[in-house]
Amino acid sequence: MMQHKSEALWFYRFLSLVYDRIVNPLHWTRAMRTAALAPAFADFAPRLRVLDAGGGTGFTSEGLVLDYGVPPANIDLLDQSPDQLRVAARKPHLRGVRLQQGDAERLPYPDNSFDRYVSAGSIEYWPHPSRGVAEAFRVLAAGGTATMIGPVRATNALSRFWCDLWMLFPTESDYVRWFRRAGFANIRIQRIGPEPYRGVRRHGLIMGVVVVADKPVFSAPAAASAAANADAFADAFVDAAAEQREDDASRPASMGVLRRLLFAGRFALGTVAGFYYFVLPLVVMLFARLFLKKPAAHRRPPLLAVPLELADAL
């Protein structure tokens, strides 16, 4: 549902009002943010440039500034929702961040523009996620690192049903495949979730993942190989102009009466499915408190490295 960009745009017109107060505490907490960003930003150098793609209200960019000392002037924050960007613009810690309305699948930046790419909670809205990952690869400079935080397909049948109605919930192997195909190397993946969810996945509920991957510094043979891979991957970019026309045609102002009714129906159903994911975290937390033993305190394990030759086995 929300992979129709027009529905997502309207959905966030309203959700932007409460996103930081209601959504993030249940799905994308400060502790999760700090842990997820650590592999790419723990040794961040002040000169490096960062793109926060699908950055919404700027919650992730705030973490870059507050937790890892990234200068706001080094950050570009892109989102398709002007309402989300207006919220980001009012945050004092983000003064100096460049805000850009745009599409994560058609980034308005030249090749090799950034040293770090981060996208949190955005890929599930992308109609063509492989294209978005390929765009991340394109705008990263050689040796740069991408960090993707997103949902993972639920193992619980009821959750899967609502997932499929609402938006994209990839498997871990989907993420690895998209990153490999785009040309990334040294792919690492780790499941992540709010602390109260710890251990719940074994009981068939839901968590998310962090994917961290590097853009290789190409040698001449590797560059030739990458060019061949890019040619093979070009089918993901066929007729982007036609798709843009389709996106434009799906906006309410461009619709006839029937299409407006279909839009309203999809939007309503997607909103109901989205409400399920506001209720679900509360159920998960109650379930964890009542039925799960708390694990002994331990250090968070490092990201699980996925060797390229084994990635297809995930």
**OP:** Check Gly132, Gly150, Gly144 and return the single one that is touching a helix residue (DSSP H, G or I) at 6+ places or on another chain (Cβ under 8 Å), surrounded by 20 or more Cβ atoms within 10 Å (Cβ to Cβ) and in a strand (DSSP E or B).
**Re:** Gly150
Original post:
From the set of residues in the stretch 41-53 that are of a type in the set (Gly, Ala, Ser) and modelled with pLDDT under 95, which is nearest to Val210 (Cα to Cα)?
Top reply: Ala42
**OP:** Can you tell me which residue within the stretch 153-177, out of those that are part of a helix (DSSP H, G or I) and either under 19 Å from Ala40 (Cα atoms) or among the aromatic types (Phe, Trp, Tyr) (or both), is modelled with the lowest pLDDT?
**Re:** Trp166
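The rows are residues; the columns are (1) among the polar types (S, T, N, Q); (2) modelled with pLDDT under 95; (3) outside any loop (DSSP other than H, G, I, E, B); (4) touching a Ser or Thr at 6+ places or on another chain (Cβ under 9 Å).
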| site | (1), (2), (3), (4) |
| --- | --- |
| Val65 | no, no, yes, no |
| Val70 | no, no, no, yes |
| Ala73 | no, no, yes, no |
| Leu77 | no, no, yes, yes |
| Gln84 | yes, yes, yes, yes |
| His93 | no, no, yes, yes |
| Gly96 | no, no, no, no |
| Gln100 | yes, no, yes, no |
Original post:
Can you tell me which residue in the stretch 77-114 is farthest from Lys215 (Cα to Cα), limited to those that are surrounded by 23 or more Cβ atoms within 10 Å (Cβ to Cβ) and among the acidic types (Asp, Glu)?
Top reply: Asp79
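The values are calculated or read from the model by the stated rules, or taken from the named source; none is laboratory data. If you're wondering where the values come from, they're calculated on a predicted model, not measured in any experiment. Because the Cβ atoms are built from the backbone with ideal geometry, glycine has one as well, and the counts that use them run over all protein chains shown.
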